[in-house]
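S.K.: Okay, handing you the structure first.
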Amino acid sequence: MPHRPYIVGNWKMNGSRAMLAEARAIDRAAARLTDVQVALAPPFPLIAALREAVTAMGVGGQDCHQQPKGAHTGDVSAPMLADAGADFVIVGHSERRADHGETDALVRAKAEAALASGLAVIVCVGETLAQRDAAQAEVVVAAQLDGSLPQGESAVAALPGKIAVAYEPVWAIGTGRVAAVEDVVIMHRAVRARLVAAYGEAGELVRILYGGSVNAGNAADLLAAVGVGGALVGGASLSADLFLPIVAAAASATEA
Ligand code: 13P
């Protein structure tokens, strides 16, 4: 694994102030395991409290609006996330694409807004089961990347450290069904090619995370796979006991 691995927990619409104890335990491990970059993305109402509760880990949002402010009831902007103490934001998660009809163009606008606010971004892509079964997975993911990756001066200035891509096959999210390591390797190679097409040499250094039913049992194999720069973890990020073995697996992968 050539870069410092990045292990990000996405709490989705889960969590409460009581769960800050889990975050503190994760943070203590993050402080020890400095070879791994660790972060959590809680729901919006917990961002400021999480920022106060931790010192070593990153704190992020799960989405942002593409505009900095205005008449958009219920939405949260990238400058607001930064003001609450977030360092990064996830954009284009398949649950946002499905539940809120987010298009590639919208995801790109959100990513660009985030970078303009000084946040790092994790741009999510991934195919459905029907698309994989139709042998369209690489084509779908390539098109998502070509349409969603941030462009322009703020993107170039953010490279490579502030842009990451998460490959999350939709059929592997929350299903307990994890992608085969060889398929992950093939897809991460394809993602890399799109990153280089978009950003030239700097695209070589952008981290590509795998997401979809990552847990203590499969993390070591996935994180050791060629081209995998980390993991975006849903269910197993909700407790320190489930999440920390994944962080430890990333630390071991750096030693291998
Ligand atoms: P699970 O780890 O629960 O499958 O979720 C993955 C995910 O969607 C992370 O963003």
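S.K.: Across the range 170-184, what is the number of residues that are assigned to a loop (DSSP other than H, G, I, E, B) and more than 10 Å from the ligand (Cβ to nearest atom)? Please lay out each step first, then the result.
M.R.: To start, the set of residues in the range 170-184 that are assigned to a loop (DSSP other than H, G, I, E, B) comprises 173-180.
Next, only the ones that are more than 10 Å from the ligand (Cβ to nearest atom) stay: 179-180.
Of the residues in that region, 2 qualify.
S.K.: Of (1) out of contact with any Asp or Glu (no Cβ under 6 Å at 6 or more places or on another chain); (2) more than 11 Å from the ligand (Cβ to nearest atom); (3) in contact (Cβ under 8 Å) with a residue 24 or more places away in the chain; (4) closer than 22 Å to residue 38 by Cα, residue 187 satisfies all except one. Which?
M.R.: With (1) out of contact with any Asp or Glu (no Cβ under 6 Å at 6 or more places or on another chain); (2) more than 11 Å from the ligand (Cβ to nearest atom); (3) in contact (Cβ under 8 Å) with a residue 24 or more places away in the chain; (4) closer than 22 Å to residue 38 by Cα applied to residue 187, the lone miss is (4).
Yes or no, residue by residue, for (1) over 15 Å from residue 245 (Cα atoms); (2) surrounded by fewer than 19 Cβ atoms within 10 Å (Cβ to Cβ); (3) touching a helix residue (DSSP H, G or I) at 6+ places or on another chain (Cβ under 9 Å):
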site: 16; (1), (2), (3): yes, yes, yes
site: 27; (1), (2), (3): no, no, yes
site: 30; (1), (2), (3): no, no, yes
site: 37; (1), (2), (3): no, no, yes
site: 46; (1), (2), (3): yes, no, yes
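S.K.: Okay, moving on. Tell me which residues, restricted to the range 203-224, are on the phi < 0 side of the Ramachandran plot, crowded, with 23+ Cβ neighbours inside 10 Å and either assigned to a loop (DSSP other than H, G, I, E, B) or of a type in the set (S, T, N, Q) (or both).
M.R.: Within the range 203-224, 206, 214 meet the criteria.
S.K.: Test residue 201 against the stated conditions and say whether it is farther than 30 Å from residue 31 by Cβ, more than 15 Å from the ligand (Cβ to nearest atom) and at pLDDT below 95.
M.R.: Considered against the rule, which asks whether it is farther than 30 Å from residue 31 by Cβ, more than 15 Å from the ligand (Cβ to nearest atom) and at pLDDT below 95, residue 201 comes out as yes.
S.K.: Restricting to the range 71-120, and then to whatever is of a type in the set (D, E, K, R) and closer than 27 Å to residue 55 by Cβ, can you tell me which residue is surrounded by the fewest Cβ atoms within 10 Å (Cβ to Cβ)? Show your work before the answer.
M.R.: Residues of the range 71-120 that are of a type in the set (D, E, K, R), as a first pass: 75, 83, 87, 95-97, 99, 102, 104, 108, 110, 112.
Narrowing the set further to residues that are closer than 27 Å to residue 55 by Cβ leaves 83, 87.
Details: 83: 12, 87: 17.
Selected residue: 83.
S.K.: Considering only the range 136-149, I want to know if a residue exists there that is more than 21 Å from residue 81 (Cα to Cα), more than 17 Å from the chain's Cα centre (by Cα) and part of a loop (DSSP other than H, G, I, E, B).
M.R.: For the range 136-149, residues more than 21 Å from residue 81 (Cα to Cα), more than 17 Å from the chain's Cα centre (by Cα) and part of a loop (DSSP other than H, G, I, E, B): present.
S.K.: Hey, another quick one. With respect to residue 103, is the statement that it is hydroxyl-bearing (Ser, Thr, Tyr) and without any contact (Cβ under 8 Å) to a residue 40 or more places away in the chain true?
M.R.: Details: hydroxyl-bearing (Ser, Thr, Tyr): yes; without any contact (Cβ under 8 Å) to a residue 40 or more places away in the chain: no.
Criteria not met by residue 103.
S.K.: Identify, by number, the condition in (1) surrounded by fewer than 16 Cβ atoms within 10 Å (Cβ to Cβ); (2) over 21 Å from residue 29 (Cα atoms) that residue 241 doesn't meet.
M.R.: Status for residue 241: all satisfied but (2).
S.K.: Sticking with this structure for a sec: State which residue is nearest to residue 9 (Cα to Cα) when the search covers only the range 66-97 and only residues that are among the small types (Gly, Ala, Ser), under 18 Å from the mean Cα position of the chain (by Cα) and assigned to a loop (DSSP other than H, G, I, E, B).
M.R.: Result: 86.
S.K.: Moving to a separate point now. Yes or no: the range 49-65 includes at least one residue that is part of a loop (DSSP other than H, G, I, E, B) and among the hydroxyl-bearing types (Ser, Thr, Tyr). Let's see the steps before the verdict.
M.R.: Here is the first cut: in the range 49-65, the residues part of a loop (DSSP other than H, G, I, E, B) are 54-57, 62-64.
Right, trim to among the hydroxyl-bearing types (Ser, Thr, Tyr) and you get 55.
Among the residues of the range 49-65, at least one is part of a loop (DSSP other than H, G, I, E, B) and among the hydroxyl-bearing types (Ser, Thr, Tyr), which makes the answer yes.
S.K.: Separate question: When the range 92-114 is examined, which residues are found to be more than 16 Å from the ligand (Cβ to nearest atom) and more than 23 Å from residue 69 (Cβ to Cβ)?
M.R.: Scanning the range 92-114 gives a single hit, 104.
S.K.: So residue 243 ticks every box in (1) hydrophobic (A, V, I, L, M, F, W, C); (2) more than 12 Å from the ligand (Cβ to nearest atom); (3) in contact (Cβ under 8 Å) with a residue 12 or more places away in the chain but one. Which box is left unticked?
M.R.: If we test residue 243 against (1) hydrophobic (A, V, I, L, M, F, W, C); (2) more than 12 Å from the ligand (Cβ to nearest atom); (3) in contact (Cβ under 8 Å) with a residue 12 or more places away in the chain, just (2) comes out false.
S.K.: So, residue 237, is that one more than 22 Å from residue 90 (Cβ to Cβ), of a type in the set (Ser, Thr, Tyr) and either away from the ligand (no atom under 16 Å from the Cβ) or at pLDDT 95 or above (or both) or not?
M.R.: On the way: more than 22 Å from residue 90 (Cβ to Cβ): no; of a type in the set (Ser, Thr, Tyr): yes; either away from the ligand (no atom under 16 Å from the Cβ) or at pLDDT 95 or above (or both): yes.
For residue 237, the condition - more than 22 Å from residue 90 (Cβ to Cβ), of a type in the set (Ser, Thr, Tyr) and either away from the ligand (no atom under 16 Å from the Cβ) or at pLDDT 95 or above (or both) - is not met.
The values are calculated or read from the model by the stated rules, or taken from the named source; none is laboratory data. Please read these numbers as outputs of a predicted model, since none were measured by experiment. Cβ coordinates were reconstructed from backbone atoms using ideal geometry, including for glycine residues, and neighbour counts include every protein chain displayed.
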